[in-house]
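What follows is one structure encoded as C-alpha cells, with my remarks underneath.
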Amino acid sequence: MISLHNISKSFGTFAALHDIDLTVRDGEFLALLGPSGSGKTTLLRIIAGLAFPDEGQVRFNGEDVTDLPVAERKVGFVFQQYALFRHMSVLDNVGFGLSVRPRAQRPAKARIRARARELLDLVQLDGLGDRYPAQLSGGQQQRVALARALAVEPQLLLLDEPFGALDAKVRKELRRWLRQLHEQMGLTSIFVTHDQEEALELADRVVVLDRGVIEQIGTPEEVYMAPRSGFVSGFVGDCNSLPVTVSGGRAEFDGQPLDVAVERLRDGPARLDFRPHDAAVSANGHGLPLHVSGVYRRGGCWRVEGAVNGSGQIIEIDLDADQPAPRLGSQIAFSITRARVFAEEGTQ
Amino acid sequence: MTPRLPHQSRGLQLTLILCALVFIGFFLLLPLVAVFAEALAKGFGTYTAALVDPDALSAIELTLLVAAISVPLNVVFGLCAAWAIAKFDFRGKSVLCTLIDLPFSVSPVVAGLVYVLLFGAQGWFGPWLIDHGVRIIFAVPGIILATILVTFPFVARELIPLMEEQGRTDEEAALALGASGFRTFLRVTLPNIKWGLLYGVLLCNARAMGEFGAVSVVSGHLRGLTNTMPLHVEILYNEYNFAAAFAVASLLALLALVTLVLKTSLEWKFGYSHGSTR
C-alpha cells in the first residue's frame, strides 16, 4: 500500500502540488489525470523518488520512504519517451537493472540474458533482442521500456504518459495488453495521463488533478457520472456548459426554468453542465431551442452542434441515429435529462 | 515563384563559394605549403638534422609532457563542469558558464602574466615558494599551469550543449533500475557523450601543444629546459635559422593536419550516429 500525506512541492514561486493526500491500494490500477501543469507528473516522480516533496510524507506499506532515492525504492518506472539506452541492444537494455546490482546480488551473465529473454517473451518481442532501440517502432520501444522496468521485479509500476507518443490503433492495443499484464503479474500500477478516455478505460480509480490540487478521487463511473466540481465535469468526458441562474432551488436558463435539481447552492448565477447524451428532442416543441449549425455521425448517434437561443452559446447533443438527422439551419427543441449545477468559478 | 528562387541565387552561391575558396587558399593553404616548402628547402638531411637536434628533441618532449598532463586534467574538469551545468539546477549556473568561456575571451599573454603575478619572484606566493625551493615560473610547472588555463574551455564547451540536449532521463532511468551514480556515469552517460568528448579532447590537445602566448610569458625560454615546440620555433627563427625553424614548425603543422582529419572523421561519425539513433 502506498500512501501520500500532505505532499506539497513548488518550483520557485510556482506551486506544483499543494497538500496532496492519497492512498493507493495493493493491486490497484490508478490513473493520475489532469491537464498539463496540473502536477500529475511531479506527483508520479515524487512517488518514484525522482523528485522530493518540500513538505509531506511518502509511505510504502507504512514505512516512511520520503527521503529514499529512486534506486532504493524498488519501483519500475516507464518514461514518457521511454529513455531506452541507445547504445545497448534490446536484450542489454532489459537486463540492465540486473547487471548493475552489487556483485553479491548480481546473477551470472548467462542468467541475466536468460531472464531478459523471458521478459521479452512476456512483452511479445521474442527474437528482437539483438536489435537496437532505434530499429524498433514506437510501440515496440514502449514494450522494451516496460520489460526493462519489470526486470527488477518491482511491486509498484509507475508509467508517465505511457501511450502519449503512439498512434491511436497501437495505443488501443497496448492499453488492453497493459491491463492484462497488470493483472497477470499482480502489480500495483500508477499511470499519468492527460487523456480522460484512457483513464476511464484502464483505471480502477481515477485521481483528477488541477493546478496542483486533487479535485476528485473515484472510480471511472463516479468521476464521469458524479463529478464533484465544474472542473472535473468539464475535463472528464464531453460536456456542455450553460450559464444559469439559481433561484429557490431551481435553475433557470434565459428566463426559462429547467427541470434540474440544485443542491447546496445559493441563489445567483451558476453553471449548468450536461453531457451530449443527456439530452433528448422534445416532440411537443417545448424545451430549449437549438439552431442546428452542424451534424455528423458519431458511432450510433448524430452529434448535433448548434447555438442555444439567442445567447450564442454553442453546445453539442447526441440524437438517436435511427431517426433522420436534423437539417442544417433548422431549429429543434430539446430538454436536458440529466445535469449538474456548479457554482461559478471562484465563488462557492 | 518558388522554383525560381534557387535559380536566381545560383550566381550568388558560386560567388560566395569562390570567395571562401580564395580566402582559404590565400590565408590557409598557401602558408601551409610555404611551411613545408621552406622546411625542405635545404634538403631532407637538413630537415631531419633540425628535428633530432637535442634542443629540438627536448622541446618536443616538453610539449608532449605538457599535453599529457593538461589534457587529462581538463577532461576531468570539463566532465565535472558539463555534468554540473547540464544535469543540475543551481544558483549561479550562468555565471559558471560565462567563467568557463573566460580563457577564450582573454588574451593568452594575460593568462601567462596572471601566473607571474601569483608565483613570480615578486608575486604573491613567490617569496614563500622560493624559500621552500619550489620553482613554478620559468619552470615546467608554470608552463603546465598556463596551458591548463588556456585550454580548459575546450572539453567543457563541447560537452555542455550535448549533455543539455540529451537531458536527464537516461540517467534517471538507470538510477530507477537501481544503478549507482558511478555506474550510471560509466554505462549510460559516458557512451552517450563519447564522440563529443573525443572531439573536445582533440581540440584541447591541439591547443595545448600549439599554445604560444601564455607559455611564452612563464617559460623563460631556457633552451633544452623550458622550451616547448612553438617557443623553440621562435628562437630558431630569431636566430635566422629558417630551415630549422620551419622544420619544427612543420611538425606543428602536421599536428594541425592530423587533428583536422580526425576531427572531420569524428564529425562524420558524430553526425552519423546522431542521425541514426535519434
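Values as computed for the structure displayed
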item: Helices (runs of 4 or more DSSP H) wholly inside the stretch B:1-92 containing at least 3 residues that are of a type in the set (A, V, I, L, M) and more than 30 Å from residue B:242 (Cβ to Cβ); result: B:4-24, B:54-87
item: Selection status of residue B:189, within 14 Å of chain A (Cβ to nearest Cβ) and touching a residue at least 60 places away in the same chain (Cβ under 8 Å); result: yes
item: Members of the stretch A:137-151 found to be within 18 Å of residue A:190 (Cα to Cα) and more than 14 Å from chain B (Cβ to nearest Cβ), listed by number; result: A:143
item: Answer residue from the stretch B:164-181, given it is surrounded by fewer than 23 Cβ atoms within 10 Å (Cβ to Cβ) and in a helix (DSSP H, G or I) and is farthest from the other protein chains (Cβ to nearest Cβ) among those; result: B:164
item: Leading residue by the ranking (farthest from residue A:343 (Cα to Cα)) among those in the stretch A:191-241 that are basic (Lys, Arg) and in a loop (DSSP other than H, G, I, E, B); result: A:211
item: Options B:147, B:184; residue that is in a helix (DSSP H, G or I), farther than 28 Å from residue B:254 by Cβ and either in contact with a strand residue (DSSP E or B) (Cβ under 7 Å, 6 or more places away or on another chain) or not acidic (Asp, Glu) (or both); result: B:184
item: Which listed residue is part of a strand (DSSP E or B), hydrophobic (A, V, I, L, M, F, W, C), in contact (Cβ under 8 Å) with a residue 24 or more places away in the chain and surrounded by fewer than 19 Cβ atoms within 10 Å (Cβ to Cβ), from A:295, A:244; result: A:295
item: Residue list for the stretch A:116-135, restricted to those being in contact with an Asp or Glu (Cβ under 9 Å, 6 or more places away or on another chain) and either more than 14 Å from chain B (Cβ to nearest Cβ) or farther than 26 Å from residue B:181 by Cα (or both); result: A:117, A:120, A:129
item: Exclusive hit being within 14 Å of chain B (Cβ to nearest Cβ) and under 27 Å from residue A:46 (Cβ atoms), set A:183, A:198, A:215, A:161; result: A:161
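For every residue, the table says whether it meets (1) modelled with pLDDT of 90 or more; (2) surrounded by fewer than 10 Cβ atoms within 10 Å (Cβ to Cβ); (3) within 29 Å of residue B:153 (Cβ to Cβ).
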| position | (1), (2), (3) |
| --- | --- |
| B:40 | no, no, no |
| B:45 | no, yes, no |
| B:49 | no, no, no |
| B:62 | yes, no, yes |
| B:84 | no, no, yes |
| B:104 | no, no, yes |
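The values are calculated or read from the model by the stated rules, or taken from the named source; none is laboratory data. Computed from a predicted model, the values in this text were never measured in an experiment. Note that each Cβ is placed from the backbone with ideal geometry, even for glycine, and that neighbours are counted across all protein chains shown.
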